[in-house]
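This report refers to the structure that appears directly beneath it.
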Amino acid sequence: MSNAPIRLGIIGMGPANMASTMTMLNEEPDLRYTITAACARRPDLLEQAAQKFNIPFHSTDYRHITRRDDVDVVCVYSPDALHAESCIDALRNGKHVVCTKPMVTELEDAKTLVQLVRDTGLKFLVGQTMRFDRQFLDAKHRFDSGQLGSLIAVESFYLHDMRPVYDFTPWRLHMAQDFMFGGCVHSIDIIRAFGGDIKRVHAVANKGGLTPGYPIQDNFFINAEFTSGVIGRVSGLYGIVHPPLPMMQYGVYGTEGSLQGEYTDNEPGEIRVILDSNTEEVHTTPFDAETDLSAYGHGATVIRYMRHFQDCLDNDKEPSPGVLDGAKSVAAGVAAWESIKTGNAVDVFNDF
């Protein structure tokens, strides 16, 4: 294990991810990350962040980050449609990569990244924050330990009225962020974490119309069939008035028990479990709210996945979720869009 600093180049200076990464990593004594370079398209935002966080080098061109000798890991937090170019260039220039979800938005780009990681042996982590929420970690431990028995079905929903979010991340509206990838991929990744590869999907969508300037569908229901025979579903609703429900919830249904988990940014959550051995008793585990300086409340999860990534670098482990997880979640989203357009069930590409 090395004691050398791990030098980060950050691409994308958004108010949520940048705050989480910059202000919180340095406060963790076991983490060795240091920021040596940063990139953003807006020079004013970039200059402000560089001064605030004492970043030695900054540029509006991502290639000036991915090709620097004093960068070991490129962290990609730019708008979704720009992820592919930064990740591909970073890998081609010998850099490890941390990329926020979605990894990419096109199947061919996913294929390219999988092959590049295989060819180079570099580490690639998809920053799926929901995987590192305490509720999910608890649920996954219970499932992996066999407490719920064999999996029968799994579901996840992610509900988020996006109107206030457009105010501080206007690119989502102007670039028209595709919420199949910017939203549903969160839940697709979660059901894949329990169920494995998704064989086939059938999806429907509509446009909520609450934001007149948003041009495409922003509400989705996706039914999934896994290669194992498990069934699943995802609800991704982003053009709605937020209902009196948690922002994120998942259900895991096995032969020996069922589990429900829930999460909302900056609010308490819980896990509820009922076992077939005693259906009269519900086991509830509460979780206090994790509040921080991040606009989305994801600072603690960013710390957890960066701690995981440091361990992978130090001990030559495979990051999870890695490039293949990211690719297969994107492939499920691509198949879901095809299903929406054709009205048919569509097979998911998994042959990476």
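Just so it is clear, none of the values below were taken in a lab; they were calculated from the coordinates. Note that this is a predicted model, so its numbers are computed, not measured.
Structure notes:
- Debye-sum result for the range 107-169 in log10 I(q)/I(0), which assumes one identical scatterer on each alpha carbon, at q = 0.23 Å⁻¹: -0.98
- Residue pairs, from the table 95/207; 95/341; 101/341, whose Cα atoms sit over 31 Å apart: 95/207; 95/341
- Rg(Cα)/(2.2 N^0.38 Å) for the range 173-303, N = residue count: 1.20
- Set of lysines with alpha-carbon distance to residue 199 below 18 Å, sequence-local pairs under 8 removed: 111, 328
- Between the amide H of residue 242 and those of 161, distances stay under 5 Å, these residues lying 5 or more places away or on another chain, with hydrogens modeled in the peptide plane.
- The equivalent ellipsoid that matches the C-alpha gyration tensor of the chain spans semi-axes of 31, 23, 21 angstrom, in descending order.
- Candidates 213, 195, 127, ranked by Gaussian network fluctuation over the chain, Cα under 10 Å, top entry: 213
- Over the chain, dividing the summed -39,500 (n - 2.57) contributions of all DSSP H runs of at least 4 residues by the number of residues returns a 222 nm mean residue ellipticity of -10000 deg cm²/dmol.
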